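The values are calculated or read from the model by the stated rules, or taken from the named source; none is laboratory data. This one's a predicted model, so the numbers in the text were calculated from it and none came from an experiment. Positions of Cβ are generated from backbone atoms using ideal geometry, with glycine treated the same way; all protein chains shown enter the neighbour counts. What goes into the accessible areas is simple: the full protein's heavy atoms, side chains included, and nothing from ligands, DNA or RNA. Shrake-Rupley method; radii C 1.70, N 1.55, O 1.52, S 1.80 Å.
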Amino acid sequence: MAKPERHVLVCLNVRPPGNPKGSCGEKGSEEVFDTLKRMVKQRGLGDRVIVNRTNCLKHCSRGITVAVYPENVWYAGVTLADLDE
């Protein structure tokens, strides 16, 4: 089995409307996830990069949260415009 070089986790957590923490799901994380998966595939990186959906990564109040391993780099407030970078 091929071992990926990177594992990207995208928070898709959804809390009830009005929750003071908000949630990544209500901020559009599903579209970020779908777009990122598509970009990885289009660029031929499918064997090197795995993009997975996850539940709460504990930072929903900061916007859509994405974590990249093995570096343990976390991004907050991710938007579609950030994905190319």
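See the values below:
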{"read-out": "Solvent-accessible surface (1.4 angstrom probe) belonging to Arg43, in square angstrom, nearest 10", "value": "130 Å²"}
{"read-out": "Compactness index (Cα Rg / 2.2 N^0.38 Å), the chain", "value": "1.09"}
{"read-out": "Estimated [θ] at 222 nm from DSSP helical runs (n ≥ 4, -39500 (n - 2.57)) normalised by residues in the chain, nearest 500", "value": "-5500 deg cm²/dmol"}
{"read-out": "Debye, to nearest 20: dipole size of segment 1-71, +1 on Lys, Arg Cβ, -1 on Asp, Glu Cβ", "value": "80 debye"}
{"read-out": "Solvent-accessible area of Glu31 with every protein chain in place, 1.4 Å probe, in Å² to the nearest 10", "value": "110 Å²"}
{"read-out": "Karplus-derived HN-Hα couplings along segment 44-49 (A = 6.51, B = -1.76, C = 1.60, θ = phi - 60°), whole Hz, x at Gly and Pro", "value": "x, 9, x, 7, 9, 10"}
{"read-out": "On Cα atoms only, tilt of 29-42 relative to the major axis of the chain in degrees", "value": "10 degrees"}
{"read-out": "Relative contact order [Cα under 8 Å, 6+ residues apart], the chain, whole percent", "value": "39 percent"}
